[in-house]
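Shown next, in structure tokens, is the structure this report addresses.
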Amino acid sequence: MEAGFLSLNRGERFPDLDLPDHTGRERRLSELAGGDPVALFTSRGWWCPKEQRHMRELAAVQDEFEVAYARIVVVSVDPPEVQAAFRAGLGARFIFLSDAERRWLPRLGLRESTDTVHAPYRPAAFTLRPDLEIHAAYNGYWYWGRPTMEELRRDMREISRGVREDWELPQA
Amino acid sequence: MRPFAFLVFDGERLTDDTKAPGRRLRVDARCVAGEPVRGAFAHVCALPAKEAVVPYDMPEVQQVRRDALAWWIPLLGDSLVCLTTIAIDAVNYGGAITVARDPSLFESDPFARVFPGTIVETDLFSEVPPPPGPELERYSGAPWPGGSF
């Protein structure tokens, strides 16, 4: 995916975002990864029906992420208190990062240029290795461009196979 | 860093003196590794009796960690100092400790559903970023949310 000022293609390192989470606490993406694969989503915001649908999909698959040593992170321009309410409504247990001040949006080149009202993120998804190297990038401007849950499972499997030294169980 | 540190709980007090009388508990090492937050309050949802254990894989233990991620951490907000579950060994859960600057929300602590809570004033704990979720599986022997590859 060509994405403005920073190149966000497979094999490149995703920037170590520093943003407040849905509780207002400052976070870094590398800290959130914590040594595990990450599925990172940029989202228009709570108001978009496509985002609501997609986030419900993620809330359904979080049960697998929670037992599989992998993370989900969502970035939007909603303020933390709005994200907290949206997150609670979804029943999500993953983290939201707020770029309400558009600190990273221009640098990432992911602004949705066709929405001049909200100036939101363009929906996109990145599956990341624990060191934030991009494994796969998805352009979700059209809903069908987003990763399906099967594609997320596939990406998480491929990343995990590459980073877990004991993926092949040692011989007894 | 080892993924856990030992604290001792006698039912009323917590100490890092591992020779003190009481039950030795494994906590996330990061919670006692930094600059201590003075005058904080720990909600120790554990019992001093060593028989008070349940497997980490019990649905009740999984669910309280889900609740911690979903609403307990957001509810505490800036008051939160750190939280850790208590590992007894690689398999068993002995409770949890939530540390906050203000104890007024401890009556809502979801971890008290498994073992009852005792409020302890403490200077032992340091601030640790709360777990981002949704992960709640542990690394072997490490108290959740500590430990990583």
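The values are calculated or read from the model by the stated rules, or taken from the named source; none is laboratory data. All values reported here derive from a predicted model rather than from experimental measurement. When we count neighbours, we look across all protein chains shown, and the Cβ atoms used for this are built from the backbone with ideal geometry, even at glycine. We work out accessible area using only protein heavy atoms, side chains counted, and drop any ligands, DNA or RNA first. Shrake-Rupley method; radii C 1.70, N 1.55, O 1.52, S 1.80 Å.
Here are a few things to note about the model shown:
- Per-residue shielding of B:59-72, expressed as the average number of other chain Cβ atoms within 10 Å of the residue Cβ, stands at 2.
- Taking trypsin sites (Lys or Arg not before Pro) as exposed when DSSP calls them loop and at most 13 other C-beta atoms lie within 10 angstrom, chain B has its longest site-free stretch at B:51-149.
- Phi to ³J(HN,Hα) by Karplus 6.51 cos²θ - 1.76 cosθ + 1.60 over the range A:18-31, Hz, x for Gly, Pro: 10, 8, x, 8, 5, 9, x, 7, 5, 9, 10, 4, 5, 5
- Note on exposure: B:HIS43, A:HIS118 ranked by accessible area (1.4 Å probe, complete protein assembly) read A:HIS118, B:HIS43, with the most exposed listed first.
- Inverse of mean 1/r across different Cα pairs in the range B:48-130, Kirkwood, Å: 13.3 Å
- Per-residue mean of C-beta atoms belonging to partner chains within 10 Å, peptide A:8-17: 0
- Nearest-ten-degree value, helix A:49-67 long axis tilted from longest Cα axis of chain A: 30 degrees
- Here the scattering of chain A is modelled by Debye summation over its C-alpha atoms, one equal scatterer each and no solvent; at q = 0.19 Å⁻¹ the log10 of I(q)/I(0) is -1.32.
- For the protein assembly as shown, the Cys residues with no second cysteine's beta carbon closer than 4.7 Å are A:CYS48, B:CYS45.
- The per residue volume of the convex hull around the alpha-carbon atoms of the range B:96-146 is 118 Å³.
- Here, the protein assembly as shown yields an orientationally averaged convex hull projection of 17.1 nm² when only Cα atoms define the hull.
- Interchain or long-range residues, amide H under 5 Å from A:ALA136's placed H: A:THR127
- Local electrostatic count at A:VAL163 - Lys and Arg +1, Asp and Glu -1, tallied over other residues with Cβ under 14 Å: -3
- Taking each DSSP H run with n ≥ 4 as -39500 (n - 2.57) and averaging over every residue of chain A yields -9500 deg cm²/dmol at 222 nm.
- Whole-Å distance, taken between Cα centres, linking the range A:83-136 and the range B:69-137: 28 Å
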